[in-house]
Amino acid sequence: MKKFLAVLHARNMEFLRDRSALVWNLAMPFLLVFGLAFTFSGGSKDIYKIGIVGGAERMAQVAPKLQSTQHLEFVQYDDLKKGVDKVKHHQMDMLIDVSGAPKYWVNSTSPNGYLLERIIWGTEGNHFERQAVEGAEIRYVDWFLPGILGMNMMFACLFGVGFVIVRYRKNGFLKRLKATPLGAFQFLLAQLVSRLLLVMVITTIVYAGCNIFIQFNMQGSYWDLLLVNTLGAMSMISIGMLIASRTASEEFAGGILNVMTWPMMLLSGAWFSLEGAETWVKHVAQFFPLTHMISATRAIMNEGATLSQVMPDVWILAAMSVIILAIGAYIFKWE
C-alpha cells in the first residue's frame, strides 16, 4: 500500500506542478459551457426557412405582414442563383426576391413550400409572382458526409502531429536532432507530408468503402475534391505543429488542441448549417480551415461546383497552410 500511495502522490504532484496543464483542465470546461450557452441560446426553433434577395428593409416594405409572422426564419442572400439552388434541393423552403417586382421561388414537390404559399396568399394576397422549380432532395447523408470526413481529418491532423512532436521534445529526441544539419522548417515539412499522406489515404479508403454501399451523391470533379481536402488537411496539420512548436507538456498541448477542435467542430458547419446563425458567429467560423474545407467539399459534391467557383476557399486554405507553417518553423524550439 505504501508503494501505491507513493506512486499516487508522485503522479499527483507532477500534474499539480504543471501549471499550464492545470489551468487548461480547469478553464476549458468553463469556456466550453459558457461559449456554447452564449452562442446557441435562443428562442423556439423556427419551422420554415425563407431566403430573401433584396434586403430586409425592402422586404418590410413589400411584405410587412409576412415578415412579422412568427416561426419563419429569414436568411439574407446576395446571389439569386445560389438561393434558387437551395430551394431546388430542398435546403430552403422558399426564396423571395424583392429587389425588383416581388416574386418567389418554391419547389413544387416540397410540402413546406406548399404550406408557405398558403401563408403568403393569406398575409399578402397574390401580388407575388410565382416561380416553380423542381429538383431532387439532397439526402442528409450526402449533406453530412463532408462534415464527418472533415472532423475525422481534423482529429487525425491536429492530435496526430501535435502529440508526436511534444513527445519527441519530452524524451530528448529533438535535442539530438538539433546537432544534425536538419533545420526546423525541413523537420516540420517532413512531419506535414508524412501525416498528410496517411490522412489522405485513410480518408480515401473510408470514402470508397462507404460509397460501395451508400452510393454518395457526387456532382463535381474528384480531382477538385482531392485538392480541397489536401489543402484542408495541410492547414490543420500546420495548426497542430504550431501548437506543438514550443511546449514539452503533453497535458498542455492536449488542452490547447481541445480548445481548437471544439469551436471548429461546432462552428464549421459540420453538424448543422450556419445560414441562420448570428452574423458574428459566421465571421468567427471563417477563421477555421475546417469551415472552408467543408463548404467547398459540399459545393463540389452536392452542387457540382467547379474549381473556379470554390477558389476563394482554396486560396484561404493555401494561405493558412503557408503562413501557419512558416510561423511554426520560426518559433520552433528543439528543447
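Between the residues Ala184, Ala305, Phe173, the greatest Cα displacement towards the positive end of the dipole of the chain, with unit charges on the Cβ of Lys, Arg, Asp and Glu, is found for Phe173. Counting only protein heavy atoms and a probe of 1.4 Å, the accessible surface of the stretch 213-335 is 68% carbon and sulfur. Of the residues Met218, Met301, ranked by 1.4 Å probe accessible area with the largest first, the sequence reads Met218, Met301.
For the chain, what does the helix formula give at 222 nm: sum of -39500 (n - 2.57) over DSSP H segments with n ≥ 4, over the residue count, nearest 500 deg cm²/dmol? When only DSSP H runs of four or more count, the value is -22000 deg cm²/dmol. Largest first and in whole Å, the equivalent-ellipsoid semi-axes of the stretch 205-270 read 31, 14, 12, each the square root of five times a Cα gyration tensor eigenvalue. Relative to the globular-protein estimate of 2.2 N^0.38 Å, the Cα radius of gyration of the stretch 114-244 stands at 1.68.
Using a probe of 1.4 angstrom and keeping all protein chains present, the accessible surface of the chain works out to 54 square angstrom per residue.
With a threshold of 31 Å on the Cα-Cα distance, the over-threshold entries among Lys2/Lys178; Lys2/Lys170; Lys2/Lys333; Lys170/Lys282 are Lys2/Lys178; Lys2/Lys333; Lys170/Lys282.
Taking a straight line from the alpha carbon of Lys65, these lysines sit under 25 Å away, with near neighbours fewer than eight places off in the same chain left out: Lys45, Lys49, Lys86, Lys103. For the chain, the relative contact order works out to 19 percent when only alpha carbon pairs closer than 8 Å and six or more residues apart are counted. Here the convex hull built on the C-alpha positions of the chain has a volume of 179 cubic angstrom per residue. Ordered by 1.4 Å accessible area with all protein chains kept, Trp315, Trp105 run largest first as Trp315, Trp105. The heavy atoms of Val62 present about 20 square angstrom of accessible area, all protein chains included, probe 1.4 Å.
The values are calculated or read from the model by the stated rules, or taken from the named source; none is laboratory data. What you see is a predicted model, and the numbers here were worked out from it, not measured in a lab. FYI the Cβ positions are ideal-geometry reconstructions off the backbone, even for glycines, and counts take in every protein chain you see. What goes into the accessible areas is simple: the full protein's heavy atoms, side chains included, and nothing from ligands, DNA or RNA. Shrake-Rupley method; radii C 1.70, N 1.55, O 1.52, S 1.80 Å.
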